[in-house]
1. Can you work out the PRE-style zone for residue 13? Point 7 Å along Cα to Cβ, and I want the residues of region 80-106 with backbone N under 18 Å.
2. Taking region 98-139 on its own, what percent of its Cα-Cα pair distances exceed 16 Å?
3. For the chain, which DSSP H helices look membrane-span-like by this rule: Cα extent along the axis of 24 Å or more and mean Kyte-Doolittle of at least 0.0?
4. Using helices alone, I'd like the mean residue ellipticity at 222 nm for the chain: each DSSP H run of four-plus residues gives -39500 (n - 2.57), total over residue count, nearest 500.
5. For the chain, what value does the Rg/Rh ratio take when both radii are computed over Cα atoms and Rh is the Kirkwood radius, given to two decimals?
6. Can you list the residues, at least 5 places off or on another chain, whose amide H is less than 5 Å from the amide H of residue 121, using H built in the peptide plane?
7. Fewest Cβ neighbours within 10 Å first, please rank 80, 119 accordingly.
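FYI, it's all coordinate maths here, none of it is from the lab. Bear in mind the structure is a predicted one, so any value in this text is a computation, not a measurement. Glycine gets a Cβ as well: all are built from the backbone with ideal geometry, and neighbour counts include every protein chain shown.
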Amino acid sequence: MNALPDTDTLLADMAQALRALLTQEHKADAAMIGIHTGGAWVAKRLHQLLNMNQPLGTLDISFYRDDFTRIGMHPQIKPSHLPFNVDERHIILVDDVLHTGRTIRAALNEIFDYGRPASVTLAVLVERPGRELPIEARVAGCHLALVHNEYVKLGGPDELHLTVQRKT
């Protein structure tokens with residue numbers, strides 16, 4: 001596999017694309033939500049790069065996963081924190097990797113438990129093939145094609161970096 005892209009460059013490109021999209025769609029008042037853990041790290045950086053007025057929200061979707069009964073409770077569940085009203089708000093939902101779409105589905109379920117947003121725009125650092133649900137990112141830092149036993153992992157939070165690992 002070729003060298004993985006630099007996360008700082010990807011984040012700068014994502015911020016530029018999001019800024020243009022929000023301007024084009026008249027969503028300057030959008031609020032941002034990051035999915036724990038990697039998505040929250042990416043969202044924090046994007047939130048800073050975009051100099052957003054609304055506070056940053058975070059979601060821990062552990063209880064909303066569709067494989068909760070199979071994998072059990074994650075030992076480090078963090079509370080979700082949405083310091084704004086979701087109703088009729090334009091939301092930017094941020095995650096680190098979009099693969100099957102199941103994490104995003106769980107995040108949408110949780111967001112809708114808080115209220116009914118005007119819209120949800122998905123932004124991801126890495127998009128890879130393998131969607132099991134009809135979910136698409138409007139903004140993606142990069143697209144990676146990996147073989148079936150590989151996955152991409154975001155390391156951080158201080159210095160964000162991508163690695164490809166093999167499932168054993």
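1. Residues passing the 18 Å test: 95-99.
2. 36
3. Counting only whole DSSP H runs, the qualifying helices are 7-24.
4. The per-residue figure over the chain is -9000 deg cm²/dmol.
5. With Rg and the Kirkwood Rh in hand, the quotient comes to 0.94.
6. Distant-sequence amide H within range of residue 121: 91, 92, 93.
7. 119, 80
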